[in-house]
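Notes for the one structure printed next.
The values are calculated or read from the model by the stated rules, or taken from the named source; none is laboratory data. Since this is a predicted model, take the numbers as computed values, not measurements. FYI the Cβ positions are ideal-geometry reconstructions off the backbone, even for glycines, and counts take in every protein chain you see. Just the protein is used for accessible areas: all its heavy atoms, side chains included, with ligands, DNA and RNA removed. Shrake-Rupley method; radii C 1.70, N 1.55, O 1.52, S 1.80 Å.
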Amino acid sequence: MNETILIIGACGQIGTELTAKLREMNGKDAVIASDIREGSEELMSSGPFEILDATSKDDILEIIKRHKVSQVYLMAAMLSATGEKYPDKAWYLNMTTLFNILDLAKEGEIKKVFWPSSIAVFGPTTPKQNTPQKTVMEPTTVYGISKQTGERWCEYYHDKYGVDVRSIRYPGIISWKAEPGGGTTDYAVEIYHEALKEGKYTSFLNEESALPMMYMPDAIDATIQLMNAPAEEVKDRSAYNLAAMTFTPVEIAEEIKKHIPEFEISYAPDFRQEIANSWPQSIDDTAAREDWNWKHSFDLESMTKDMLENLGKKYSK
Ligand code: VAH
């Protein structure tokens, strides 16, 4: 029986590309895109779309029943930097939407759920290098606290009620198709745009800010691979560490200079520096590689080449 998929937060940085990939794999009508407001022309013209406020359980249920949805990817969230500006809104959005979906799954309305966690669940007391799957987690952002709590609830709903929910601790994700929104790692996206437009960029993180990062195609492949893995392979029902690369603003600038020699970077750390300082620098994702054969494809060199090629085409139109 064909599974109908609902993507909540389909207009976001990850949601946009997840929608495109799932439509490519399953057919456009098998994937219902939804968000609080309409998205890009490309997204809106690529298949069914619903305006949805995912803080309303009744509104989610109405769409699930009308489209006979069996799988939900809940991608809507307020990220780390914006969450520090609006802590109560971040907590409300991130937790209410998760409980709505977990409860609908518990009530038998949804068969399978993907919910994104983040390396933001880790904090200043977490080991910074090769951060283990299970370790000290004392997050210092509202976003990180919501993701840590969310992981606990995902595991509880799976163990207590048999809900098939799966999750990944995304590192910073870099992409060119859709702008990121309100993240601490967004500098690593902005830098490519500014390098092409202005030939220079002022980073809001300092030179030494080494953070775990991943190119969007790897993040999308991992997400779908985890969702399609046999249930018995998904041994960790909190969330899986996932890693691909680690770099600093200096290192990404040096890689860009191989393509744009005159590119210049400067530094003006802001409030996001404290958030970045609280996160790990590298992640141990052995569990994901062992449990469901995760492996990444892109490194800093191949990502930079692909980013500049695609953004170059976008800016030359
Ligand atoms: C953020 N892009 O910066 C997100 C991500 C690990 C970082 O969760 O908030």
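Taking all pairs of different Cα atoms in the chain, averaging 1/r and flipping that mean, what Kirkwood radius in angstroms comes out?
Result for the chain stands at 19.8 Å.
Quick one: grab Rg to one decimal and Dmax as a whole number for segment 154-263, Cα atoms only, in Å.
Looking at segment 154-263, its Cα Rg and Dmax stand at 17.5, 58 Å.
Can you pull the Rg over Rh of segment 1-143, Cα-only, Kirkwood?
1.01
What does the helix-only formula give at 222 nm for the chain: each DSSP H stretch with n ≥ 4 adding -39500 (n - 2.57), the total divided by the residues, and the result rounded to the nearest 500 deg cm²/dmol?
-13500 deg cm²/dmol
Identify which of Asp35, Asp236, Asp88 has the largest mean-square fluctuation in a Gaussian network model of the chain, with springs joining Cα atoms closer than 10 Å.
Of Asp35, Asp236, Asp88, the most mobile in the Gaussian network model is Asp88.
As a quick test, which of the pairs Lys258/Lys313; Lys21/Lys89; Lys128/Lys200; Lys160/Lys235; Lys28/Lys112; Lys21/Lys197 have an alpha carbon distance above 21 angstrom in this structure?
With Cα atoms farther than 21 Å apart: Lys21/Lys89; Lys128/Lys200; Lys21/Lys197.
Given a 1.4 Å probe and every protein chain left where it sits, what share in percent of the accessible area of segment 149-218 is carbon and sulfur?
Using a 1.4 Å probe with all protein chains present, segment 149-218 comes out at 46 percent carbon and sulfur.
Before I look further, what does the chain give for accessible area per residue, probe 1.4 Å, in whole square angstrom?
Here the per-residue accessible area is 43 Å².
Given springs between every Cα pair under 10 Å in a Gaussian network model of the chain, which of Trp279, Trp176, Trp115 has the largest fluctuation?
For the chain, modelled as a Gaussian network with Cα springs under 10 Å, the answer is Trp176.
Taking 0.36 nm per residue of sequence separation and subtracting the Cα-Cα distance, how much length would be gained by fully extending the chain between Glu233 and Arg37, in nm to one decimal?
Answer, rounded to one decimal: 67.0 nm.
Give me Rg/Rg_expected for segment 27-107, where Rg uses Cα atoms only and Rg_expected = 2.2 N^0.38 Å with N residues.
1.17
For segment 242-301, what is the Kirkwood estimate of the hydrodynamic radius, computed as the reciprocal of the mean inverse distance between distinct Cα atoms, to one decimal in Å?
Taking the inverse mean of 1/r over all distinct Cα pairs, segment 242-301 comes out at 14.1 Å.
Anyone know which of Arg166, Arg37, Arg237 comes out most mobile in the 10 Å Cα GNM of the chain?
In the Gaussian network model the winner is Arg37.
With only Lys, Arg, Asp and Glu charged, each at its Cβ (+1 for the first two, -1 for the last two), find how big the charge dipole of segment 6-161 is about the Cα centre; round to the nearest 20 debye.
440 debye
Using each residue's phi in segment 131-144, evaluate 6.51 cos²θ - 1.76 cosθ + 1.60 at θ = phi - 60° and report the 3J(HN,Hα) Karplus result to the nearest Hz, with x for Gly and Pro.
Using θ = phi - 60°, the values come out as 3, x, 4, 10, 6, 4, 9, 10, x, 10, 10, 4, 4, x Hz.
Order 66-77, 190-201, 129-140 from most to least packed using the mean count of other Cβ atoms within 10 Å.
So the order, starting with the most tightly packed, is 66-77, 190-201, 129-140.
I'd like the carbon and sulfur percentage of the solvent accessible area for segment 15-91, probe radius 1.4 Å, heavy atoms only, ligands and nucleic acids excluded.
Roughly 49 percent of what the probe reaches on segment 15-91 is carbon or sulfur.
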